[in-house]
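The block underneath contains the structure these notes are about, expressed in C-alpha cells.
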Amino acid sequence: YGPRGQYQLIVERIEPKGIGSRQLAFEQLKEKLFKEGLFDPLHKKELPLMPFSVGVVTSGAGAAIRDILGIIKKGASGIDVVIRPVRVQGEGAALEIAKGIEELNEFNRTDVIIVSRGGGSTEDLWAFNEEIVSRAVYNSRIPVISAVGHQINTSLCDLTADIFVETPTAAAKIIVDKRNYLLAELAGFRHELTFSLFNLINSLKNETTRLRHSLKSPADRLDEKEQFLDEVTAALNNHIRQRINITRERLSSSIERLGALSPLAVLSRGYSLSMRQPDDSIIKDASKINPGERIKTILSK
C-alpha cells in the first residue's frame, strides 16, 4: 500500500556479494589442496594394462551402479566387480565415501577403483567436494577413476583422481576399452606370430628339400670316386704310353745317329782299320810301322 507501505527483513545469514559461502569455502579448499600437490599430474597413477577386478564406491541402489554393471557385463563379462555401497549425498556421505576408498585399498583385491554417482544438483554432489574424500583418493594405492554426476563444474574428487570422466557409463567404458584394446593387441600378436611361424616352417621345408636334392648317398659318392679313379687311371696310362713312345722315338733317333758315327759304318764304304799288336792301338800313320811288326787289319767283311 503506497502511502503507508512498510517492509521488514529478518536476516538469518549474510554472504559475500557475488559468491556464496559454500562456493567461497570450495575455492579456498581447492587452493589449499592445489598448494599441497593433491592435483599434481606427476602423482597420477596409470591404470593397469588389463583390470581383472574393479572396485566401485557408490550407492548400492542408484542408477550409477546399474550403468556400470550393465556396461561391464556387456563388454567385459570376465571382470569381477566389488561394490562398496555408500551414501553419496547428505550428512556423513563424504565420510562414507572416504571410508569406502580406504577399505578397498585394505581389501587389496581390485585393480582399479571407480568413485561414482549419478546426476544431481551442486548441493547433491557436494560430498565429492569434501576434503576427506580428496585425501582418501590421493592416498589410494589403487588407481582411482572419478565419475561424479553430469555437472559442468569439476569436483575436487575429479581433480584429485587419477582419471575423471563425466558419467559412470564413461568410467565403465574405460575398463571395457582397455580390455578390448589388450585383446586386440594380443590377437594382432597372435596373427604376427602365426604368420612368422608359417614362413619359418616353409623356409625350413624348402631348405630340407634343397639339402635332400644336394646331398648324395654313400653309394652315389663311392660311384663318383670310382669313376674319378677310372678317369685318373686312364689318363695316367695314356700319359705313360705317350712318354714311352716319345722315349722310343728319341732312342731310335739316337741309335741311328750313333750308327752313322760308328767306325763299322766307315768300313762298309771300303775302308779298313789297322791296329798294332798286341795292344790293338790304332795305326794312323804308316811311317810309324816298323818292318816285321805284327799288325791286325779289320775289314767290313
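Using the beta-carbon distance between Leu69 and Asp177 and R0 = 22 Å, what value does 1/(1 + (r/R0)^6) give for FRET efficiency, to the nearest 0.05? E between Leu69 and Asp177, to the nearest 0.05, is 0.85. Residue order by solvent-accessible surface for Ile201, Ile101 is Ile201, Ile101, largest first, with ligands and nucleic acids left out and a 1.4 Å probe. Among the protein heavy atoms, those of Ser252 account for about 50 Å² of accessible surface (1.4 Å probe, every chain in place).
Spatial offset of region 262-286 relative to region 63-123 amounts to 146 Å, using the alpha carbon center of each. Each peptide in 139-149, 239-249 receives the mean, over its residues, of other Cβ atoms within 10 Å, and ordering these scores from highest gives 139-149, 239-249. Give the residue from Ala170, Asn180, Val148 lying farthest towards the positive end of the charge dipole for region 123-181; charges sit on Cβ (+1 for Lys and Arg, -1 for Asp and Glu) and the dipole is referred to the Cα centre. The listed residue farthest towards the positive side: Asn180.
Answer rounded, prolate or oblate for region 160-216, using the Cα gyration tensor with square roots of eigenvalues a ≥ b ≥ c: rounded when a/c is under 1.5, else prolate when a/b is larger than b/c, else oblate. Since a/c reaches 1.5 and a/b is larger than b/c, the shape of region 160-216 is classed as prolate. Using a simple spin-label model with pseudo-atoms 7 Å out from Cα toward Cβ, Ile289 and Lys45 lie 14.6 nm apart.
Residues Ile14, Ile79 ordered from highest to lowest accessible area at a 1.4 Å probe: Ile14, Ile79. When all alpha carbon pairs of the chain are counted in 20 Å bins from zero, the resulting P(r) reads 21, 22, 11, 9, 8, 7, 8, 10, 3, 1, 0 %. Along each principal axis, taking the top coordinate minus the bottom one, the Cα set of region 1-98 gives 77, 35, 22 Å in descending order.
A straight chain from Leu29 to Arg250 at 0.36 nm per residue would run longer than the Cα-Cα distance by 66.9 nm. If you sort Lys225, Lys30, Lys178, Lys74 by accessible surface, 1.4 Å probe, largest first, the order is Lys74, Lys225, Lys30, Lys178. For region 100-235, the calculated P(r), taken from all Cα-Cα distances in 5 Å bins from zero up to the bin holding the longest distance, is 2, 9, 11, 11, 9, 7, 5, 4, 4, 4, 4, 4, 3, 3, 3, 3, 3, 3, 3, 2, 1, 1, 0 percent. With contacts taken as Cα pairs under 8 Å and at least 6 residues apart, the chain reaches a relative contact order of 13 percent.
The values are calculated or read from the model by the stated rules, or taken from the named source; none is laboratory data. Note that the structure is a prediction, hence the values are computed from the model and not measured. Note that we place each Cβ from the backbone using ideal geometry, even for glycine, and neighbour counts take in every protein chain shown. Each accessible area value is taken on the protein alone, full model and side chains, heavy atoms only, with ligands, DNA and RNA left out. Shrake-Rupley method; radii C 1.70, N 1.55, O 1.52, S 1.80 Å.
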